[in-house]
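Data block below; observations after.
The values are calculated or read from the model by the stated rules, or taken from the named source; none is laboratory data. Here the structure is a predicted model, which is why all the values come from computation and not from measurement. All Cβ positions, glycine included, derive from the backbone under ideal geometry; neighbour counts span all protein chains shown.
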Amino acid sequence: RNRGIQEARGPYIAPVDADDTWHPSKIELQLQALRKFPDRQGVAYNWYAAIDENGIIFGHSRPVMHQGNIFEPLLRENFIGNGSTPLM
């Protein structure tokens, strides 16, 4: 992941693990959220569901909403939770 970030040339980074699947509108919705900020910088994250090989949901993240400077809340608790959810 670190090497991929080093090699990236676009304005945003959106990591995804090999065993994860994104909702088709994930990136579009996250870009809309980031574009609300004047400098278009930050992190947009989403909740997630754990799904087995049969498409059955067996777990999920809890809804948490933070806005503004999230650095301190993120240090206290990894509310993002999954490495494939943020767009930075």
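Here is a yes/no grid of residues against (1) out of contact with any Phe, Trp or Tyr (no Cβ under 8 Å at 6 or more places or on another chain); (2) closer than 23 Å to Gly55 by Cα; (3) at pLDDT 90 or above; (4) loosely packed, with under 10 Cβ neighbours inside 10 Å:
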position: Ile13; (1), (2), (3), (4): yes, no, yes, no
position: Val16; (1), (2), (3), (4): no, yes, yes, no
position: Asp19; (1), (2), (3), (4): yes, yes, no, yes
position: Trp22; (1), (2), (3), (4): yes, yes, yes, no
position: Phe37; (1), (2), (3), (4): yes, no, no, no
position: Arg40; (1), (2), (3), (4): yes, no, no, no
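To keep it simple, each residue is scored yes or no on (1) within 17 Å of Pro11 (Cα to Cα); (2) small (Gly, Ala, Ser).
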{"residue": "Ala33", "(1), (2)": "yes, yes"}
{"residue": "Pro38", "(1), (2)": "yes, no"}
{"residue": "Gln41", "(1), (2)": "yes, no"}
{"residue": "Ala49", "(1), (2)": "no, yes"}
{"residue": "Ile56", "(1), (2)": "no, no"}
{"residue": "Arg62", "(1), (2)": "no, no"}
{"residue": "His66", "(1), (2)": "no, no"}
{"residue": "Glu77", "(1), (2)": "no, no"}
{"residue": "Ser84", "(1), (2)": "no, yes"}
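Determine whether Tyr45 is surrounded by 13 or more Cβ atoms within 10 Å (Cβ to Cβ) and modelled with pLDDT of 90 or more. No; evaluated as a whole, the condition is false for this residue. Contact map, segment 51-78: residues that are surrounded by 10 or more Cβ atoms within 10 Å (Cβ to Cβ) paired with residues that are in a helix (DSSP H, G or I), Cβ distance under 9 Å, separation 6+ or inter-chain. Pairs shown: Val64/Pro73; His66/Pro73; His66/Leu74.
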